[in-house]
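The values are calculated or read from the model by the stated rules, or taken from the named source; none is laboratory data. This one's a predicted model, so the numbers in the text were calculated from it and none came from an experiment. Cβ sites come from the backbone with ideal geometry, for glycine too, and all protein chains shown count toward neighbours.
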Amino acid sequence: MIARVTLEIALRKEFAYFIPPELADQVDVGSRVQVPFGARKVLGCVTGLAEESAHARLKPILKVIGAQTLVTPKILKLARWIGEYYCCAPETALKSVLPEAVRHEQASWRERLHVRALPVNGELPKLPKRQREVWRILEERPELPLSELLALAKTTAATVRRLEDRGLVTLAAEISERDPYARYHILPSQPLPLNPAQAKALAAIITAMDGSPKPEVQSPRSEVQSPKSKVQSPEAAGTQGSMFDVGCSMLDVPASAPSLAPPSSPSTPRSSTFLLHGVTGSGKTEVYLQAIAHALEQGKGAIVLVPEISLTPQTVERFKARFSSGPLQTLVAVLHSHLSAGERHDEWHKIRQGRARIAIGARSAIFAPVEPLGLIVVDEEHEHSYKQEEAPRYHARDVAIVRGQMEGAVVVLGSATPSLESYYNCGKGKYTLLQLPERADDKKMPVVRIVDMRQTVRPGKAVPIFSPQLKEAIARRVEQKEQVILFLNRRGYSTSLQCPLCGYVAECPNCSVSLTYHRHENKLCCHICAHVEPVPAVCPNAKCRNPAIRYSGVGTQRVEATLAKLFPHARTVRMDSDVLKRKEDYRRILGDFRVGKIDILVGTQMIAKGLHFPNVTLVGIIYADLALHQPDFRAGERTFQLLTQVAGRAGRGDIEGEVVVQAFTPFHPAIQFARRHDFEGFYAQEMEFREQLKYPPVGRIALLTLKGRNEEKVKFSADYLKQELQKAMVGIKDLVVAGPAPAPLLRAETYYRYQIMLRAQRMAALSQRLAVLIRSLTLPDDVTLAVDIDPVDLT
Ligand code: ADP
Ligand code: ZN
């Protein structure tokens, strides 16, 4: 037999290898193998088997990694789809589906010596004191890890070895699983009785899981309905064709996608995608939990995706607590980047072996080998961290929908602030909208007050950080022993250092951004490339040397410092990525905040998400317009989402909450709609703008970025690429090719960057032609091209 192997080194093709007889029963499609390549040994994945090859003398496979095939046929199919849709090499797509720790066998099961007491024939021989003590423990617990026994008996291994010599115990190596959550004491939880909106949502999801037809729209006022969208598309009915088109996000699938049975085929179960739109605290998680329970009852498993940032022990515990006991008991495996290689290995293999039927994790957990898969939950589906910003540039939410289609699993997207893409798809009938309009615990939504910061400007004076309104609110809440969260999505002390005489601005030597002043470290830092330099005492301009250089722009460090002056008695703690150097810090600070050791928490987006603190009654947003000034068509959407999410942190307890939003453009729609908690209003007005410019979700985008150290060469290559594109794309409907233009961030980490943006009605044909073009394109050696399909970051 012959194996076709996709190598990990980038070659964009399969190579044939001979399967030696001794490995014959271990090699299958999906096996990870080591093979000779030239003089090297390289890793790869078996992506096909064959009887014969055109080559007479094939080299043999050297080694198989792992006891089971690591890439299951279903995941392999998904990886192929990613390679084609996102225009990346098959080996790049394959790489992303296994965690590094598993792929490179960086870790394996940890073995520990276990002691087991043997039955005593006749009378127990007389033992010396230490051995007797050990034996007494073994009479209580006849089997336990050696290290535990030694700790209990306060003795050394030699004592146990004596007992082994006497034939009283055996010592043997056994697998001992790592449990990253072993230190947490998790109390089992029971399903809550659902409120009517939750019950309706769950019923719709369960009906889909049971394979019945989709729930009908009952009445315009029911919770199961389509959004009142202004953009009712006439072509909503024309979405048959490939199975993916039936319910898939905005994705359409390349014609060369894995062959799929038509949707009516009895062998492919129907599947459905739901968008669960519920305000923060409306009980979405409870709906997920009960839907997962239904999957387990069906003998299936589930994947839960949460943004890395909200993958706190708090979140994980809720899932473990529900499924750690009872009739549906199963292991809940957690996959995320804070685990050690060993923990990641164990968690992943628990899923592969089928012992853990629930996988919870960030982006890459969408590739967890849960089998059979009944449900995929994507919580906070609007989060941008679901998009991977290096090849393969996949979006985990969109991959989730495709995987759901492929495996007949139901997909539930949840958010308080859905992405425009997902809401739009509800309007087109691709997803079913489920709504939870009220908070589950009857808590009122917080009152939001907007403060016009233009009123605080005094001629000749710097703009204050705190308006009188916010200052007064903080004072009152701290006085009442309630807690405050202040939010500013910009770390450091001040964002630029400028000389008022000659205009000099301290800029990064590698990137086209100004350096941020960090007072605690007393350094100037680049937030793009992490370049650091000392703070100049005088203006560095040789002709100027002004000693009075000035800092401007406020960061979290400055907010913290100002609070210390204004409220010297309040206990203030800052939380941003500069503070959180170790993985324990995040937990420690949140723990302190929870038990009331902290009065005011200042932070970046880290504190905007999913946290639940009953005693927080005031949330202050220092500078709400910050995200509005980004050169990105989603700036308004981001601002709306951020404000709504941050505001959702207030008033989760018994006392009503308030939110104070400081803004220089207080009448901007993103701010006004967020103030009224009016998602639909925001959606309708934002869609007008997207519709006009044919931006997503109305049209589709592919962003091509060329980069290199020589700006002229990059520019020249971009012009050349544009010409080639125009030839290659002839006939694509409504295609707009914009650029080339310098990227908003022209220079990053010493590279110059130019962009070309392609916009079209549909992506399938576009990404297919792009893939062909890229393969034949020759660029100078020192210029590279990145293709980003459905980009999220446009800088
Ligand atoms: P979300 O995920 O939408 O932010 P959660 O599931 O965290 O909301 O629910 C918010 C709070 O309401 C939690 O404390 C949760 O225990 C509680 N809750 C959820 N559903 C119910 C229910 N049906 N009855 C009572 N309390 C509920
Ligand atoms: Zn830099």
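Structural remarks
- If you go through the range 750-794 and keep only what is within 16 Å of ligand 2 (Cβ to nearest atom) and either within 22 Å of Glu84 (Cα to Cα) or loosely packed, with under 15 Cβ neighbours inside 10 Å (or both), you end up with just Thr750.
- Any hit, the range 407-418, residues being part of a helix (DSSP H, G or I) and closer than 29 Å to Ile622 by Cβ: no
- Hits in the range 733-761 (condition: outside any strand (DSSP E or B) and farther than 20 Å from Glu691 by Cβ): Glu749, Thr750
- Sole residue being within 16 Å of ligand 1 (Cβ to nearest atom), among the hydroxyl-bearing types (Ser, Thr, Tyr) and touching a residue at least 24 places away in the same chain (Cβ under 8 Å), chosen from Ser189, Ser147, Ser176: Ser189
- Odd one out for Ser577 among (1) at pLDDT 85 or above; (2) surrounded by fewer than 16 Cβ atoms within 10 Å (Cβ to Cβ); (3) part of a loop (DSSP other than H, G, I, E, B); (4) not hydrophobic (A, V, I, L, M, F, W, C): (1)
- Residue among Glu133, Glu140 that is within 24 Å of Glu111 (Cα to Cα) and free of Cβ contacts under 8 Å to residues at least 40 places away in the same chain: Glu140
So that you can scan it fast, the table gives a plain yes or no per residue for (1) modelled with pLDDT of 85 or more; (2) assigned to a helix (DSSP H, G or I); (3) surrounded by fewer than 19 Cβ atoms within 10 Å (Cβ to Cβ):
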| residue | (1), (2), (3) |
| --- | --- |
| Cys88 | yes, no, no |
| Ala93 | yes, yes, no |
| Val102 | no, yes, no |
| Glu105 | no, no, yes |
| Ser108 | no, no, yes |
| Arg112 | no, no, yes |
| Arg116 | yes, no, yes |
| Val120 | no, no, yes |
| Gln131 | yes, yes, no |
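- Yes/no for Glu533 being within 16 Å of ligand 2 (Cβ to nearest atom) and either surrounded by fewer than 16 Cβ atoms within 10 Å (Cβ to Cβ) or among the aromatic types (Phe, Trp, Tyr) (or both): yes
- Meets criteria (buried (at least 21 other Cβ atoms within 10 Å of the Cβ), out of contact with any Gly (no Cβ under 7 Å at 6 or more places or on another chain) and not acidic (Asp, Glu)) for Gly460: no
- Residue match in the range 439-449 (condition: away from ligand 1 (no atom under 16 Å from the Cβ), at pLDDT 85 or above and in contact with a helix residue (DSSP H, G or I) (Cβ under 8 Å, 6 or more places away or on another chain)): yes
- Selected residue (criterion: nearest to the chain's Cα centre (by Cα)) from residues of the range 491-520 that are within 16 Å of ligand 2 (Cβ to nearest atom), part of a loop (DSSP other than H, G, I, E, B) and more than 20 Å from Leu746 (Cα to Cα): Arg491
- First in the range 565-591 and in contact (Cβ under 8 Å) with a residue 24 or more places away in the chain, second anywhere and assigned to a helix (DSSP H, G or I) and loosely packed, with under 13 Cβ neighbours inside 10 Å, Cβ under 7 Å, 6 or more apart: Thr572/Ala564
- Yes/no for Cys502 being away from ligand 1 (no atom under 16 Å from the Cβ) and at pLDDT 85 or above: no
- Conditions (1) surrounded by fewer than 24 Cβ atoms within 10 Å (Cβ to Cβ); (2) within 30 Å of Glu111 (Cβ to Cβ); (3) out of contact with any Ser or Thr (no Cβ under 9 Å at 6 or more places or on another chain); number of the one not met by Trp348: (1)
- Helices (runs of 4 or more DSSP H) wholly inside the range 282-362 that include at least 2 residues being of a type in the set (S, T, N, Q) and either within 13 Å of ligand 1 (Cβ to nearest atom) or without any contact (Cβ under 8 Å) to a residue 40 or more places away in the chain (or both): 284-297, 313-323
- For the range 1-22, the tally of residues that are modelled with pLDDT of 85 or more and in contact with a strand residue (DSSP E or B) (Cβ under 6 Å, 6 or more places away or on another chain) stands at 12.
- Scanning the range 499-534 for residues that are touching a residue at least 60 places away in the same chain (Cβ under 8 Å) and in contact with a Leu (Cβ under 9 Å, 6 or more places away or on another chain) returns Cys511, Ser512, Val513, His518, Ile528.
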